[in-house]
């Protein structure tokens, strides 16, 4: 069994969401993992608004896994929204992107993200990405370094 906090995943690609669900299940993640497909739904969830009133009312998620390129309100805008509402910010905010650059990492760090993950290619590498995320959440972040080649690219934004 894998220790994970209550998690909100913001991902608009159905295939990626299914792959993540499969990896979480395979790893024995027992925490609540809720998926939304855009930034508006993410904000509504964090505010406990309407559709998400029941699921979000008990506690905020401990982890927000946020794709930057989502419809309606993108991940950058979600990060800006959270900066203005620290009382609604999950304990850990992890940006999940298919693009990687020093400028991008700097921008999401400035907006308050704790961690940056590059979506794996090929998608079969999701397991190693989630394992690296688990390692970070369990406090082993000091041992993580940006990866090269086929391994997922990881960075703690400190």
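Among the residues of the range 66-110 satisfying the criterion of being assigned to a helix (DSSP H, G or I), touching a strand residue (DSSP E or B) at 6+ places or on another chain (Cβ under 9 Å) and modelled with pLDDT under 95, which is surrounded by the most Cβ atoms within 10 Å (Cβ to Cβ)?
108
Among the residues of the range 46-53, are any crowded, with 19+ Cβ neighbours inside 10 Å and within 16 Å of the chain's Cα centre (by Cα)?
There is at least one residue in the range 46-53 that is crowded, with 19+ Cβ neighbours inside 10 Å and within 16 Å of the chain's Cα centre (by Cα).
Just the residues that are part of a helix (DSSP H, G or I), farther than 21 Å from residue 18 by Cα and either modelled with pLDDT of 80 or more or under 17 Å from the mean Cα position of the chain (by Cα) (or both), please, taken from the range 116-154.
Answer for the range 116-154, where residues must be part of a helix (DSSP H, G or I), farther than 21 Å from residue 18 by Cα and either modelled with pLDDT of 80 or more or under 17 Å from the mean Cα position of the chain (by Cα) (or both): 135, 136, 137, 138, 139, 141.
The values are calculated or read from the model by the stated rules, or taken from the named source; none is laboratory data. Treat the numbers as computed from the prediction; the structure is a model and nothing was measured. Glycine gets a Cβ as well: all are built from the backbone with ideal geometry, and neighbour counts include every protein chain shown.
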